[in-house]
Amino acid sequence: WKQPSWRQLYLSFNLSMALVLTDKQGPVTIISINRPSVRNCVDRRTATALRVAFRDFENDATARVAVLAGEGGTFCAGADLKAVSSGDPRIMNDVSSSTGEDKAPMGLSRMAFKKPVIAAIDGYAVAGGLELAILCDLRVMEEDAVMGVFCRRWGVPLIDGGTVRLPRLVGLSRALDLILTGRPVDAKEALMLGLANRVVAKGKARAAAIDLAAQIAAFPQECMLGDRKSTYAQSSFSDIPSAMKNEFEIGLVSLAANAKEGAGRFAAGQGRHGMFEGTTSVSAKL
């Protein structure tokens, strides 16, 4: 055993004190809520730290996909109700305005990400934690994890997109069931509802989410991001022809960027019979 240096102890102390941790693994950025002693509940300071971390991710041209996780075995148990009830403006969640990216109580709920984000869910993703999870594009959930609108029992409303995103994700009837009852949803049901996209063994959510993020990051980015943009935008159109016109216009940009190159690789024999190997590269043009 070698005694750690003062520098190692200093760095370790500062990491343990950070409310949000960021780690880059190639094109994948892992952003973790680091308040395990309170099941990663989010207060004002944590909300601000989350917002800063995701702005950095969005502005980093080398970062292609983010993974949102929680430290210590819990994704996020919602807003820090002790901070809310304290009345201390330094720590209580910001509820001063219904608009403005900087005013979201949980930090992220009013951000419109331009790049994919995957939630790695272990333990509990409840109340505001559920709202953070459904803000993400995809959710990887451990087999013993639980989601739910647990704030129902305390009379705390959903004000970070829960009543907006949940119906769009699972449908109005199923969303009302979860919102009105506040009941727990296990991984098996979450997968059936479409609330979870993957269910993995206990302790494997983060690794599985990082692996999934790396797969997405390896695709030609112009095309993937364009299709993602069109998919989100389609619900804002009142008719199908308008949505398809928008899809086509976005797609033309992708076609001009790299479709010819991709078609050439397919013609040369790559990607036949549904195989992905050799068809993508992490160094593909942004």
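Worth a mention:
Yes/no matrix, rows are residues, columns are (1) closer than 19 Å to Asp186 by Cβ; (2) in contact with a strand residue (DSSP E or B) (Cβ under 7 Å, 6 or more places away or on another chain); (3) open to solvent by less than 10 Å² (accessible area, probe 1.4 Å):
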{"position": "Ala133", "(1), (2), (3)": "yes, yes, yes"}
{"position": "Met141", "(1), (2), (3)": "yes, yes, yes"}
{"position": "Val146", "(1), (2), (3)": "yes, yes, no"}
{"position": "Arg153", "(1), (2), (3)": "yes, no, no"}
{"position": "Arg168", "(1), (2), (3)": "no, no, no"}
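- Leading residue by the ranking (farthest from Ile118 (Cα to Cα)) among those in region 185-198 that are in contact (Cβ under 8 Å) with a residue 40 or more places away in the chain and part of a loop (DSSP other than H, G, I, E, B): Leu195
- Flag if Met111 is part of a loop (DSSP other than H, G, I, E, B) and either out of contact with any helix residue (DSSP H, G or I) (no Cβ under 8 Å at 6 or more places or on another chain) or within 26 Å of Arg168 (Cα to Cα) (or both): yes
- Filtered residues of region 199-250 (kept if open to solvent by 40 Å² or more (accessible area, probe 1.4 Å), outside any helix (DSSP H, G or I) and in contact (Cβ under 8 Å) with a residue 24 or more places away in the chain): Val199, Ala201, Lys202, Gly203, Lys204, Phe219
- Filtered by the rule that a residue be under 19 Å from Arg139 (Cα atoms) and open to solvent by less than 60 Å² (accessible area, probe 1.4 Å), region 180-198 gives Val185, Ala187, Glu189, Ala190, Leu193, Gly194, Leu195, Ala196, Asn197.
- Within region 17-47, the set of residues being open to solvent by 50 Å² or more (accessible area, probe 1.4 Å), closer than 24 Å to Lys103 by Cα and in a strand (DSSP E or B) comprises just one member, Thr22.
- Note on region 155-166: residues that are surrounded by 20 or more Cβ atoms within 10 Å (Cβ to Cβ) and part of a helix (DSSP H, G or I) amount to 2.
To keep it simple, each residue is scored yes or no on (1) open to solvent by less than 10 Å² (accessible area, probe 1.4 Å); (2) out of contact with any strand residue (DSSP E or B) (no Cβ under 9 Å at 6 or more places or on another chain); (3) touching a residue at least 24 places away in the same chain (Cβ under 8 Å).
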{"position": "Gly70", "(1), (2), (3)": "yes, no, yes"}
{"position": "Thr74", "(1), (2), (3)": "no, no, yes"}
{"position": "Leu81", "(1), (2), (3)": "no, yes, yes"}
{"position": "Ser86", "(1), (2), (3)": "no, yes, no"}
{"position": "Ser96", "(1), (2), (3)": "no, yes, no"}
{"position": "Gly100", "(1), (2), (3)": "no, yes, no"}
{"position": "Met106", "(1), (2), (3)": "yes, no, yes"}
{"position": "Ile118", "(1), (2), (3)": "yes, no, yes"}
{"position": "Cys136", "(1), (2), (3)": "yes, no, yes"}
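The values are calculated or read from the model by the stated rules, or taken from the named source; none is laboratory data. Worth saying up front: this structure is predicted, and the values here are computed from it rather than measured. Reconstructed Cβ throughout: ideal geometry from the backbone, glycine too, with neighbour counts over all protein chains shown. Only protein heavy atoms, including side chains, enter the accessible area calculation; ligands, DNA and RNA are left aside. Shrake-Rupley method; radii C 1.70, N 1.55, O 1.52, S 1.80 Å.
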